[in-house]
Amino acid sequence: MPSALQSYESTRKSWLIAGTVIAVLTLLPFVLNQLGRTGEYWLWVATEMVIMSLFSLSLNLILGFGGMVSFGHAAFFGVGAYTVALLMKKAGVGFLPAMVAAPLASALVAGIIGWFCVRRVGLYFSILTLAFGQLLFMITLQLYAFTGGDDGIHGIPRPELLTPLSYYLLCLALVAGSFWLMRLLTKSPFGLTIRMTRENPERAKFLGINVKRYQLINFIIAGGFAGLAGGLFAELNRFAQTEYLHWSKSAEPIFASLVGGMYSLIGPAIGSTVLIFLKIIIQQIHQGLVEIWAIILGVILLGMVLFAPEGIVGVYEKIRTQRRRPQ
Amino acid sequence: MNLQFMLFILINGLSQGMVLFIIASGLSLVFGVLRVINFAHGSLYMIGAFMAFSLSSLFAGKTLFAFLMLMLLVPPGVAILGLGLEVSLFRRIYRKEHLLQLLLTYSLVLILDGLTRLIWGGQIRNVPRPEVLAGSLDLFGLYFPSYNLFLLIVGPLLAAGLWVLLYRSRAGNYIRAAVTYPEMLGALGVNVPRVMTWTFMLGCFLAGLGGVFMSALANIDLSIGMERIIECFAVVVIGGLGSVGGAMLGSLIIGVGVAFIQIYFSRMALVFPYVIMALVLIIRPWGLFGKPER
Amino acid sequence: MNRTILNVDNLHKSFGRSAVLNGVSFSIPEGEISSIIGPNGAGKTTLFNVITGLYAPNKGSISFNGRNLVGLQPYQIVPLGIAKAFQITSIFPRLTVWENILAAVITHRKKNLDFMTPLSKLTPIHERAQELLDSVGLSDYAHYQSGTLAHGNQKRLDIALSLALSPKLLLLDEPTAGMSPEERRDTVTLIKNLWERLSITMLFIEHDMDIVFGISQKVRVLCYGVLIAEGTPDEISHNPKVIEVYLGEGE
């Protein structure tokens, strides 16, 4: 019996959920502010979660949506971070122009790197993204005079208007706005084109689509959003370091997408938030367990791959459709 | 430029390349037959190296005997670990899409590397070379470290052995058939799962053997797993998958390249495999041994 | 006499040392429905792949409506008006049937770069998509995931995708391969209907001789990369060279 599975479709219910979530997230800092020092910490964590959600969402445009595994996405995150750091700290540029420059810079870099990478498919595409990511990491490390090398760039100025609370709300607004844009994108003809190139690139070619071109455009868009995330992250921590470009940073959104659900739009955001939350909880429980975080993460991933590759969202969807069907 | 110095680096690079060849051929074999890129291959190699370290401390003093014991015991040990992994995990992902396979093997990297850190700690270790190989040979007025020479002999011997196994033995026929006609083989009554398991174990055996040799060649620490797997990717990109000769050439290029760059631009040495990968993939994606398609 | 829509001249294609096409030449007039037959390995699929730009020929020329095709990529050839339906059905499995067709129509109308308009608001495209689904009889299946469709229906979808491009020349590579006799009959009827209604030039590769002789106006026989005979079904079935090739084939 053919089933009626539809990916990337929304129902009216999800608008309600979205509205509730946004409301909760907006009110959250006001609640946290009452908790004094603990509140400050959790506000910082919440801001980080919001920003990292954007990072993971941006990767999933390439990964789950586009069907291409990129191991070098942190490069664009890092470019965004360093753009903000360099412009604000060293060139005295204001917050707003710096935040506009970040995604533009990373989109440009994504265009250059992506041009080479989309010329290959499958595993070779992945290896090439890894290679470029690490090359960019190394370049950043070596350009000591420019980027501070190993030390990174510290002391990025924080404009007076941006208290921790207002910065959180700003990030929330920007990320929500980005999410809305991504949603439009996935539901547009361009989005359908990308899904075509994922499902059957050969057939797409024979319909007249220059697959490489669209993959590159998608790659650039994803890179731009990653750059915005990087810029926001640099401003949050008020420093940028070379670790932001390392492949281990590239792995984070991949895990987030797997855990949250690669085949849905919101999945990576959920996955990213859950993983950050877990890491913090484990850190709170037992200091020593921090070292075992890698092992725990590995076990979680293992479990997800074997038993729930569609992620949290996928499991939720399965439960939902099973409840509807009388068995 | 001192000739002795140059020679030293060259020999060092070549022997590192030989060890890399041993490891990379294991990875290539596993990919050819099982169609899985085993990210954790580097971690298995690292476990082999640390196992060699632990075992060697049991035989303090009797270095030659110890070394022979290491070669005899560690690779099968890693192979058995591989058996456990194959039966419990890898078997379940053969039909899954590549991304999931990659993620599974990467999660193994996290787990295995984490366990390695827990068991052996973060210190740098090494294994003493057997006395007979600890010095150097004086040839034509130049010194050649004996252990490195040993590896320069063992490497090609192993390559020859692998070639014989793959192209002249019954087991090799099964392996090569499984690479080329996986579905057909089952229909012909061959126990394909068993071929896959044995191939995987062979791959792990080679990883372990590489670990033993490396533990006496240079210092080992917790980073060697990731370093080696990246270099393996570069070898596979240069030499193409499934070519013993290609793996050898690729390994030697990487080995020598890293050795020389390390002297002159120490930090860039880590980038060298990536640069090579990027260049080859951009210019000649079918590797140095393959043929372009169109 | 209709003008020539496709002209293939002295086409050669080798893969390494094996020569698959050894100087194939023929012309197809506009509006013709014809087939290419030949024993396995004769080069029929390769011929299609060279025409559609997947492979570059070693020698020879191909012109479509006077335009040279050699050197162009598939995605450049398709908009000129040639569409190919695949031998092994090639659709977008996890997209719904409706999304499959929408995608094809959007591509034909060059709207792929539209980032912002929601798909649901593109009424003219929806109308065309519905039209196409109706013409192949798949309207009932619009919202099923296309990968879950029965093989025959997937084939119809494949054809519909090609039709979405409003092609002037449609190449069909073994359209009834792997089908039951009933599915086969349905597909043939569909192809014949489409040809009659839409006046598309059709060229198909087939092994089923009933189909070949049933609906082709012309039959061309390819053997070892060379065209050994060309004519009406009647002429071909009495051609001694063709009989010799197929003797013992037991078709």
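This table checks each residue for (1) surrounded by fewer than 23 Cβ atoms within 10 Å (Cβ to Cβ); (2) under 20 Å from A:Gly133 (Cβ atoms).
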{"position": "A:Arg195", "(1), (2)": "yes, no"}
{"position": "A:Ala204", "(1), (2)": "no, no"}
{"position": "A:Leu207", "(1), (2)": "no, no"}
{"position": "A:Asn210", "(1), (2)": "yes, no"}
{"position": "A:Arg213", "(1), (2)": "yes, no"}
{"position": "A:Ala222", "(1), (2)": "no, yes"}
{"position": "A:Phe225", "(1), (2)": "no, yes"}
{"position": "A:Gly231", "(1), (2)": "no, yes"}
{"position": "A:Leu236", "(1), (2)": "yes, no"}
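Can you give me the number of residues within the range C:91-107 that are surrounded by 20 or more Cβ atoms within 10 Å (Cβ to Cβ) and either in a loop (DSSP other than H, G, I, E, B) or within 9 Å of another protein chain (Cβ to nearest Cβ) (or both)?
Residues that pass the stated criteria total 11.
Take the conditions under 21 Å from C:Ile5 (Cβ atoms), surrounded by fewer than 17 Cβ atoms within 10 Å (Cβ to Cβ) and of a type outside the set (Lys, Arg) and apply them to C:Glu230. Does it pass?
no
May I ask you to say which residue of B:Ala259, B:Ala218, B:Ala247, B:Ala234 is touching a residue at least 40 places away in the same chain (Cβ under 8 Å), away from chain A (no Cβ under 14 Å), closer than 20 Å to B:Ser15 by Cβ and surrounded by 22 or more Cβ atoms within 10 Å (Cβ to Cβ)?
From the options B:Ala259, B:Ala218, B:Ala247, B:Ala234, the qualifying one is B:Ala247.
Considering only the range C:183-194, I want to know if a residue exists there that is acidic (Asp, Glu), surrounded by 20 or more Cβ atoms within 10 Å (Cβ to Cβ) and under 29 Å from C:Ile37 (Cβ atoms).
No, the range C:183-194 contains no residue that is acidic (Asp, Glu), surrounded by 20 or more Cβ atoms within 10 Å (Cβ to Cβ) and under 29 Å from C:Ile37 (Cβ atoms).
Would the range B:129-147 turn up any residue that is away from every other protein chain (no Cβ under 14 Å), part of a helix (DSSP H, G or I), under 20 Å from the mean Cα position of the chain (by Cα) and farther than 21 Å from B:Ile229 by Cα?
Yes, there is a match, as at least one residue in the range B:129-147 is away from every other protein chain (no Cβ under 14 Å), part of a helix (DSSP H, G or I), under 20 Å from the mean Cα position of the chain (by Cα) and farther than 21 Å from B:Ile229 by Cα.
Just the residues that are within 10 Å of another protein chain (Cβ to nearest Cβ) and surrounded by 24 or more Cβ atoms within 10 Å (Cβ to Cβ), please, taken from the range C:145-161.
If the condition is that a residue be within 10 Å of another protein chain (Cβ to nearest Cβ) and surrounded by 24 or more Cβ atoms within 10 Å (Cβ to Cβ), then C:Ser146, C:Asp158, C:Leu161 are the ones that fit.
Conditions (1) out of contact with any helix residue (DSSP H, G or I) (no Cβ under 8 Å at 6 or more places or on another chain); (2) touching a residue at least 40 places away in the same chain (Cβ under 8 Å); (3) buried (at least 19 other Cβ atoms within 10 Å of the Cβ), marked per residue:
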residue	(1), (2), (3)
B:Leu44	no, yes, yes
B:Ser88	yes, no, no
B:Arg95	yes, no, no
B:Tyr106	no, yes, yes
B:Leu115	no, no, no
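Right, B:Gly122: in a loop (DSSP other than H, G, I, E, B) and within 14 Å of chain A (Cβ to nearest Cβ) or not?
yes
What residue, among those in the range C:108-134 that are touching a helix residue (DSSP H, G or I) at 6+ places or on another chain (Cβ under 7 Å), within 12 Å of chain A (Cβ to nearest Cβ) and in a helix (DSSP H, G or I), is surrounded by the most Cβ atoms within 10 Å (Cβ to Cβ)?
Across the range C:108-134, the extreme among qualifying residues is C:Ala129.
If we scan the range A:40-60, do we find a residue that is more than 20 Å from A:Val274 (Cβ to Cβ) and more than 14 Å from every other protein chain (Cβ to nearest Cβ)?
Yes: one or more hits.
List pairs: first in the range A:158-187 and on the phi < 0 side of the Ramachandran plot, second assigned to a helix (DSSP H, G or I) and not aliphatic (A, V, I, L, M), Cβ under 6 Å, 6+ apart or cross-chain?
The qualifying pairs are A:Pro159/A:Phe95; A:Leu165/A:Pro29; A:Tyr168/A:Pro29; A:Tyr168/A:Thr47; A:Cys171/A:Thr47; A:Ser178/A:Phe225; A:Leu185/A:Gly191.
For a quick check of your reading: which helices (runs of 4 or more DSSP H) sit entirely within the range A:90-148 and have at least 3 residues that are under 20 Å from the mean Cα position of the chain (by Cα) and in contact (Cβ under 8 Å) with a residue 24 or more places away in the chain?
A:95-117, A:122-142
Here, each number is a calculation from the coordinates, and none is a lab measurement. Remember, predicted model here, so these are calculated numbers, not experimental data. A quick note on method: Cβ atoms are made from the backbone with ideal geometry, for glycine too, and the neighbour counts reach across all protein chains shown.
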